[in-house]
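Taking it in order: structure first as structure tokens, then the write-up.
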Amino acid sequence: MLLNLGLAALGFIILIKCADVFVDGAANLARNFNISTTVIGLTIVAFGTSAPELAISFNSHISGNSDMLFGNVIGSSIGNILVILGVAILIKPFKIANDVIRKEIPILLLITLGLSVLLLDPFFNDAPHSSLTRADSVILLLFFSIFIYYLITILRADKESNKVIEEPKYKLPRSGLMILLGLAGIVFGSNLIVDNVEAFASAIGISQKIISVTVISIGTSLPELVTTVIAAKKGENSMAIGNIVGSNIFNICVVLGLPVVILGEAITTAFTFVDVIFMAAAVLLLWLFSATGREIKRLEAIVFLAVYGAYVGYIFLQ
């Protein structure tokens, strides 16, 4: 068990250093193409840092562990906002851009509510458990296609504006290499942490649901956590919030939807209406705290963390 903790600590060191390289590379890539860091945050950063969740979802479904599949996505969706954004704001409060408040967060809220409705089988057809069918997952992937179309419209607007956002510090080849090496290190470091913390948790007798929505979901969200905190500290606020919003959209639509479309229906016996309420409430809180267009304060970050604490408390009491 001591070896597990030592390897987890090593993974964390690798993760922090590589996230720093990744953020610098992503920011400079945006400047090389003269597009906003919001777009980079919503795409390359968000999708790249969600790679661990996607791998775990496929592995969970193939092994027949549907609860781990749902816990990975639901736990990450809740944790990304309440923990990751909460910690980032606690370290350095920042303001969220108006376009993110008016467009990206409402899109995330719509997709989250859509998933919530799809998981309410016991309320709509008296099913014994919640499930996600191939048809449900096709709906999630259609939501994702709408999000991609929205991103294309942003790219077109950036291109047509002809406004020079900021001169890049590094040229395109170096920026691309920094992204690739940084992301590889992020995935390696996070896997090292997750594998060893999961082994430690199992050894001391923690249940599968608790592991999935805490150790696994937060562990696989470490790339988002470190990337968001470092982006915020570097003043890349648009990238920080874009990473969270984009990651949640990718997690719900692709990380959950794609394995079910390919491998078939997934049924969960562990996740209930309460889990769905917390998932939707996290997005709603983000929208409410940012809706005024002012800087989100540390007190609101504490509210995020307190709500997450309540959710973890609910899980332990079940």
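A compact table of results
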| quantity | calculated |
| --- | --- |
| Looking only at region 36-47, and only at residues there that are under 14 Å from the mean Cα position of the chain (by Cα) and open to solvent by less than 10 Å² (accessible area, probe 1.4 Å), the one that is modelled with the highest pLDDT | Leu42 |
| Candidate set from region 1-19 (those that are within 14 Å of Ala231 (Cα to Cα) and at pLDDT 75 or above); member that is most open to solvent (accessible area, probe 1.4 Å) | Lys17 |
| Odd one out for Asn34, checked against (1) free of Cβ contacts under 8 Å to residues at least 40 places away in the same chain; (2) of a type outside the set (Gly, Ala, Ser); (3) not in a helix (DSSP H, G or I) | (1) |
| Test for Thr268: is it of a type in the set (Val, Ile, Thr) and modelled with pLDDT of 75 or more | yes |
| Residues of region 175-198 satisfying the condition of being hydroxyl-bearing (Ser, Thr, Tyr) and modelled with pLDDT under 80 | Ser190 |
| Flag if Ser116 is touching a residue at least 24 places away in the same chain (Cβ under 8 Å), touching a helix residue (DSSP H, G or I) at 6+ places or on another chain (Cβ under 6 Å) and within 22 Å of Asn237 (Cβ to Cβ) | no |
| Qualifying residue in region 62-70 (condition: of a type in the set (Val, Ile, Thr) and at pLDDT 75 or above) | yes |
| Residues located in region 83-123, provided they are surrounded by fewer than 19 Cβ atoms within 10 Å (Cβ to Cβ) and of a type in the set (S, T, N, Q) | Asn98, Ser116 |
| Some residue of region 57-69 being of a type in the set (D, E, K, R), within 20 Å of the chain's Cα centre (by Cα) and open to solvent by 10 Å² or more (accessible area, probe 1.4 Å) | yes |
| Residue check, Lys159 assigned to a helix (DSSP H, G or I), basic (Lys, Arg) and modelled with pLDDT of 80 or more | no |
| Residue among Leu3, Leu69 that alone is more than 30 Å from Tyr149 (Cβ to Cβ) and in a helix (DSSP H, G or I) | Leu3 |
| Arg102 vs. criteria modelled with pLDDT under 90 and among the basic types (Lys, Arg) | yes |
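The values are calculated or read from the model by the stated rules, or taken from the named source; none is laboratory data. Note that this is a predicted model, so its numbers are computed, not measured. Heads up, the Cβs are rebuilt from the backbone with ideal geometry, glycines too, and the neighbour counts pull from every protein chain shown. Surface areas here come from the heavy atoms of the whole protein model, side chains and all, with no ligands, DNA or RNA. Shrake-Rupley method; radii C 1.70, N 1.55, O 1.52, S 1.80 Å.
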